[in-house]
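Report on the structure given below.
Just so you know, all these numbers are worked out from the coordinates, no wet-lab data involved. From a predicted model like this one, the values you see are computed outputs, not experimental measurements. As a convention, Cβ positions derive from the backbone with ideal geometry for all residues, glycine included, and neighbour counts pool all protein chains shown.
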């Protein structure tokens with residue numbers, strides 16, 4: 001048994017039924033699946049990684065040095081508590097982009113790149129919801145309408161960075177949690193592993209796949 005890895009491009013060919021069945025299994029048995037050949041251009045994903053990394057270095061890193069997790073870790077280390085841990089904070093810098101909030105201004109390419117990325121994410125999310133409609137025998141667009149009513153559904157893009165931690169034995173990069181929302185799309189780092197999914201009391205590690 002393993003976390004399903006699904007070739008999304010097969011929905012457009014003669015293997016559509018098989019791809020639909022795999023997505024159905026991923027939703028029902030795991031609540032999670034990995035997509036390859038999802039249609040988001042590779043060069044765009046590479047640019048997203050680049051501008052997000054540069055944004056952290058240019059704007060976010062100085063603020064992170066004074067953030068709550070850094071302060072809590074420093075206090076713990078300074079206290080000499082040999083058995084202590086930072087259990088109420090994540091070693092993570094994070095912010096959320098949506099249409100109505102202020103976006104970082106550095107690097108210069110950040111806004112343009114992330115706007116393009118958000119458009120692609122929205123298209124992919126809508127395709128996934130339409131596949132879910134089909135698998136459940138619902139009319140096309142039913143799930144999207146269920147999330148939005150008469151308005152557009154909330155669509156946020158979370159940007160996370162996990163800086164090097166001087167004491168990873170004392171604080172987690174990201175604690176166990178359940179994401180809130182209808183459809184969550186996660187752009188996994190293809191160089192560093194760490195993403196895990198909890199199923200039936202066991203943690204399953206997500207495979208790293210080349211950006212595509």
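Observations, loosely collected:
- Principal-axis analysis of the Cα atoms of the chain puts helix 16-25 at an angle of about 40° to the longest axis.
- In the chain, the longest principal axis of the Cα atoms and the axis of helix 68-79 are about 40 degrees apart.
- At an R0 of 35 angstrom, the distance between the Cβ atoms of residue 140 and residue 167 translates into a FRET efficiency of 0.10.
- Segment 75-114 versus segment 144-212: alpha-carbon centroid distance in Å: 14
- The tail of the calculated P(r) for segment 136-212, taken as Cα-Cα distances beyond 20 Å, holds 54 percent of the pairs.
- Modelled spin-label separation between residue 155 and residue 111, with each label point placed 7 Å from Cα along the Cα-to-Cβ direction: 1.9 nm.
- Every helix of 4 or more DSSP H residues in the chain counts as -39500 (n - 2.57), and over all residues that averages to -10500 deg cm²/dmol at 222 nm.
- Enclosing the Cα atoms of the chain in their convex hull gives a volume equal to 146 cubic angstrom per residue.
- Helix 42-55 and the longest principal axis of the C-alpha atoms of the chain enclose an angle of approximately 20°.
- Taking other C-beta atoms within 10 Å as the exposure proxy, 204, 91 rank 204, 91 from fewest upward.
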